[in-house]
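Trainee: Here it is: the structure, laid out below.
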Amino acid sequence: MIQESDDVIVKAVARLLVPFIVVYALYVVMHGHYSPGGGFQGGVILAASFVLLGVSHGLEKTRRRMSEKAARVVSSIGVLLYGGIGALCLILGGNYLDYAKLGKILRVTPAEARSLGILGVEIGVALAVMAVMCTVFFAIFTAEESPEDYRSVE
Amino acid sequence: MEVTLLLESTDNAFRVMERAREHAVGLLDTAVQFTAEQTRFRQEKRGQLLFTGTQKRKTQFQNIVGTTIILLAFWMLLSGKFDAFHLTLGVICCALTAYLFHDLLFANVRVGDMRVIAARFIAYIPWLIEQIILANIHVASLVLRRKMPIDPQIVKFKTKLETDISCVTLANSITLTPGTITMDIKDGVFYVHALSQKVANELNAGDMEDRVAHIFMEADHLYVEDVLDAARIYQTLRT
Amino acid sequence: MILPFDLILVLFVYICAIAAITIKDLLSAVVILGAYSFFMCLLWTQMAAIDVAFTEASVSAGIGTVLMIGAVSKTKRRSND
Amino acid sequence: MTQFFVIIGVGMCVLVLLCLYRATFGPTILNRAAGISAIGTKTLIILLLMGVIYDRIDMFIDISMVYALLNFIGTVVLAKYLERSGEV
């Protein structure tokens, strides 16, 4: 299903729209603690931008930006960021994900430390969700490249 | 007798050697010439490659900067927070996005006349809105009448627009206007479904295409190739 | 809470849910499920749960429909029963 | 003023009902796809109207922005599926 579309309109519209979708997703992630949204929603919108790119511009251009191997690495990085911030709070003498204790390292007041800690956790969640969604998308839509098709078993 | 023979044969041998030497010298000369030419050619090519490489990197850099600026404007519109922390976040995010997607936003745009295009595009929008309102009234008067005097047809015309972005602008303008829908663009040929003869005539007049060509600074010309009769298709669909 | 909105949206959600589970064509069921998620999102905002509505909007509009169509393309389009 | 927006919103809901008829009872898949696209844009408008009514427009703009940016991905994928399976 993911091959380059031969329609001019779809290709041009997708080309113009994809950077804006990515910036909007990053805005949703970064402003998650003021307005609706957060890590999960931002990650899903990021994955949707890659889906749009893959559907309109083909698999090659998508793989150049986010390959399966990169998706695996990025998802691990996301989980590591989430767990690492939690463990750091644990090491500094608080509970798990007790962001106020991060103020000792960052040299800010506990309130600001909480804000920064939530931001870091949300970035981690967004990376993990985006990578996993991309992996699911690739797994579903590139399986037909293999010679055997499920549909022959009707 | 033998001496003269010997002398002659040596003379012959010398002559052969002389000719061989001349040949060898000629060959060497051509070889040297070839190698010199080849090195010169290779150097030229390398210089050219270096030049195009730097040029490519330069356009890439320009693309990244331009994309960053546009995306930063979009970010500020969304965010509405102008303190240092959020602005830094925005710059980082936009630069990252621009680095990843620098070849999408400026795929084949001639850089330099962007401001003129933007100004002309903004001036085009009120005309389009007026056109949409007029077509709305026309289509509503057609549809709400008791007999519904519609005359659906597929108009096929060849456009003179060159870049994909101008084609898309024209196609979306046609689709936004009620009564006409762009069905397909194949190799510069538009297939447009028109609801009535009046709408099709307005399309064939080519006013909209001229205006779009004026926005993107391209040649403006339009001629009708063919008008397909869609009545039979509708008949078969209905039965 | 606005009562007319609530009643109309609940009616729409009922219509979409019943249509999605009774229809034979799987692709049509996926499409109607998209409409269901639209009305569900409106209903969440009606109940002032904006974060949930945001999640519903992004998941359904962004990737849910796409993945479901991919799943349908792996099987037969019409269900047997 | 709130009353005015509520009336407009109910009117939009009536329009949505017409599209929903086409989406549920449409004979072919193409009718359904067109109905769903129309419902998507009308949902966006109703969301913004709700934002005006509740006086929290900055929250609702985010959700409607998601719909505005992502709504057509599903339609594009559906069209590609139909084109590839040769049904149109």
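Trainee: From the mean inverse distance of alpha carbon pairs (Kirkwood) and the Cα radius of gyration, derive Rg over Rh for the protein assembly as shown.
Mentor: Working: Rg = 32.0 Å, Rh = 28.0 Å.
That ratio equals 1.14.
Trainee: For the stretch C:1-46, state which chymotrypsin sites (Phe, Trp or Tyr not before Pro) are in a DSSP loop and have at most 12 other beta carbons lying within 10 Å of their beta carbon. If you can, show how the numbers build up before the last one.
Mentor: Numbers: sites: C:5, C:12, C:14, C:36, C:38, C:39, C:44; in loops: none.
Here no loop site has a sparse enough neighbourhood.
Trainee: In whole Hz and in residue order, list the ³J(HN,Hα) couplings for the stretch A:35-40 that follow from phi through the Karplus curve 6.51 cos²θ - 1.76 cosθ + 1.60, θ = phi - 60°; x for Gly and Pro.
Mentor: So the Karplus estimates, Gly and Pro as x, are 10, x, x, x, x, 5 Hz.
Trainee: Further question: At a threshold of 8 angstrom on Cα-Cα distance, excluding pairs fewer than six apart, so keeping six or more, what relative contact order does chain D reach in percent? Write down the numbers at each step before the final one.
Mentor: Numbers: 57 pairs, mean separation 21.7, N = 88.
Answer for chain D is 25 percent.
Trainee: Between residue B:37 and residue C:21, how many nm apart are label points set 7 Å from Cα along the C-beta direction?
Mentor: 8.3 nm
Trainee: Around residue C:29, what is the net charge, scoring Lys/Arg as +1 and Asp/Glu as -1 over all other residues with Cβ under 12 Å from its Cβ? Present the calculation step by step, with values, prior to reporting the outcome.
Mentor: Details: positive: C:24, C:77, C:78, D:32; negative: C:25.
Net local charge, residue C:29 excluded: +3.
Trainee: OK, next. Per-residue HN-Hα couplings for the stretch A:21-29, Karplus 6.51 cos²θ - 1.76 cosθ + 1.60 at θ = phi - 60°, whole Hz, x for Gly and Pro?
Mentor: Computed from phi, the couplings for the stretch A:21-29 are 5, 5, 5, 5, 4, 5, 4, 4, 5 Hz.
Trainee: Amide H neighbours of residue B:184 under 5 Å, at least 5 residues apart or on other chains, H built in the peptide plane: list them.
Mentor: Amide H neighbours of residue B:184: B:191.
Trainee: Find the relative contact order for the stretch A:72-125 and round it to a whole percent, using C-alpha pairs within less than 8 Å whose residues are 6+ positions apart. Display every interim value, and only then the final one.
Mentor: Values: 60 pairs, mean separation 19.8, N = 54.
This gives 37 percent for the stretch A:72-125.
Trainee: For the stretch C:3-73, what is the convex hull volume of the alpha-carbon atoms per residue, in Å³?
Mentor: On the way: hull volume 4.4 nm³, N = 71.
About 62 Å³ per residue, rounded to a whole number.
Trainee: Looking at the stretch B:134-171, which trypsin sites (Lys or Arg not before Pro) are DSSP coil and have at most 14 other C-beta atoms within 10 Å of their C-beta? Please list the in-between numbers first.
Mentor: On the way: sites: B:145, B:146, B:147, B:156, B:158, B:160; in loops: B:145, B:146, B:147, B:160.
Sites meeting the loop and neighbour criteria: B:145, B:146, B:147.
Trainee: Can you give the convex hull volume per residue for the Cα atoms of the stretch A:8-146, as a whole number of Å³? Present the calculation step by step, with values, prior to reporting the outcome.
Mentor: Values: hull volume 16.3 nm³, N = 139.
Output value, Cα hull per residue: 117 Å³.
Trainee: Something else about it: Semi-axes of the stretch B:20-101's equivalent ellipsoid from the Cα gyration tensor, sqrt of 5 times each eigenvalue, largest first, rounded to whole Å?
Mentor: Details: eigenvalues 702, 13, 9 Å².
Here the semi-axes work out to 59, 8, 7 Å.
Trainee: Once the cut-off is 15 Å, how many percent of the Cα-Cα pairs in the stretch B:121-185 end up in the long-distance tail? Walk me through the intermediate numbers first.
Mentor: On the way: 1274 of 2080 pairs.
Considering the stretch B:121-185, 61 percent of its Cα-Cα pairs are separated by more than 15 Å.
Trainee: Which trypsin sites (Lys or Arg not before Pro) in the stretch A:26-77 pass both tests, a DSSP loop state and at most 11 other beta-carbon atoms within 10 Å?
Mentor: On the way: sites: A:61, A:63, A:64, A:65, A:69, A:72; in loops: none.
Here no trypsin sites (Lys or Arg not before Pro) fit, given the DSSP loop and packing criteria.
Trainee: List the relative contact order of the stretch B:58-175 as a percent without decimals, with contacts defined as Cα pairs under 8 Å and 6+ residues apart. Walk me through the intermediate numbers first.
Mentor: On the way: 36 pairs, mean separation 26.1, N = 118.
It comes to 22 percent, rounded to a whole number.
Trainee: Taking the Cα centre of the stretch B:4-155 as the origin and placing charges on Cβ (Lys, Arg +1; Asp, Glu -1), which of B:150, B:69, B:124 is farthest toward the positive end of the dipole?
Mentor: Most positive-ward Cα: B:150.
Trainee: A follow-up question, please. Pop a pseudo-label 7 angstrom from the Cα along the beta-carbon direction at both residue B:54 and residue B:74 and give the gap in nm to one decimal.
Mentor: Output for this residue pair reads 3.3 nm.
Trainee: Follow-up question, since we're still on this one. Can you pull the percent of the protein assembly as shown's accessible area that's carbon plus sulfur, 1.4 Å probe, other chains left in place?
Mentor: On the way: 20280 of 30850 Å².
Using a 1.4 Å probe with all protein chains present, the protein assembly as shown comes out at 66 percent carbon and sulfur.
Trainee: Let me ask something else. HN-Hα J couplings of the stretch B:141-150 from phi, Karplus 6.51/-1.76/1.60, θ = phi - 60°, integer Hz, Gly and Pro as x?
Mentor: In residue order, the calculated couplings are 5, 5, 6, 7, 6, 5, 7, 6, x, 8 Hz.
Trainee: With only alpha-carbon pairs counted, each pair once and no self-pairs, how large is the Kirkwood hydrodynamic radius of chain B in angstroms?
Mentor: Numbers: mean 1/r = 0.0403 Å⁻¹.
Roughly 24.8 Å, rounded to one decimal.
Trainee: Which of the three applies to chain D, rounded, prolate or oblate, going by the alpha-carbon gyration tensor with a ≥ b ≥ c and a/c under 1.5 meaning rounded?
Mentor: Since a/c reaches 1.5 but b/c is at least a/b, the shape of chain D is classed as oblate.
Trainee: Would you mind counting up the charge near residue A:50? Only other residues with Cβ under 13 Å from its Cβ, with Lys and Arg at +1 and Asp and Glu at -1. It would help to have the intermediate numbers written out before the result.
Mentor: Numbers: positive: A:61, A:63, A:64, A:65; negative: A:68.
Net charge in that neighbourhood comes out at +3.
Trainee: Could you sort the peptides B:92-101, A:88-97 by per-residue average Cβ neighbour count (10 Å cutoff), highest mean leading? All intermediate terms of the calculation are to be shown ahead of the outcome.
Mentor: On the way: B:92-101: 18.9, A:88-97: 13.7.
Answer by packing, highest mean first, reads B:92-101, A:88-97.
Trainee: Take the residue pairs B:160/B:186; A:69/C:74; A:69/B:58; A:61/D:80 and return only those whose Cα atoms are more than 21 Å apart.
Mentor: Working: B:160/B:186 13 Å; A:69/C:74 24 Å; A:69/B:58 30 Å; A:61/D:80 18 Å.
In this structure, A:69/C:74; A:69/B:58 exceed 21 Å between Cα atoms.
The values are calculated or read from the model by the stated rules, or taken from the named source; none is laboratory data. Given the structure is predicted, the values throughout are model-derived calculations rather than measurements. As a convention, Cβ positions derive from the backbone with ideal geometry for all residues, glycine included, and neighbour counts pool all protein chains shown. In case anyone asks, the SASA skips ligands and DNA or RNA and just uses the protein heavy atoms, side chains included. Shrake-Rupley method; radii C 1.70, N 1.55, O 1.52, S 1.80 Å.
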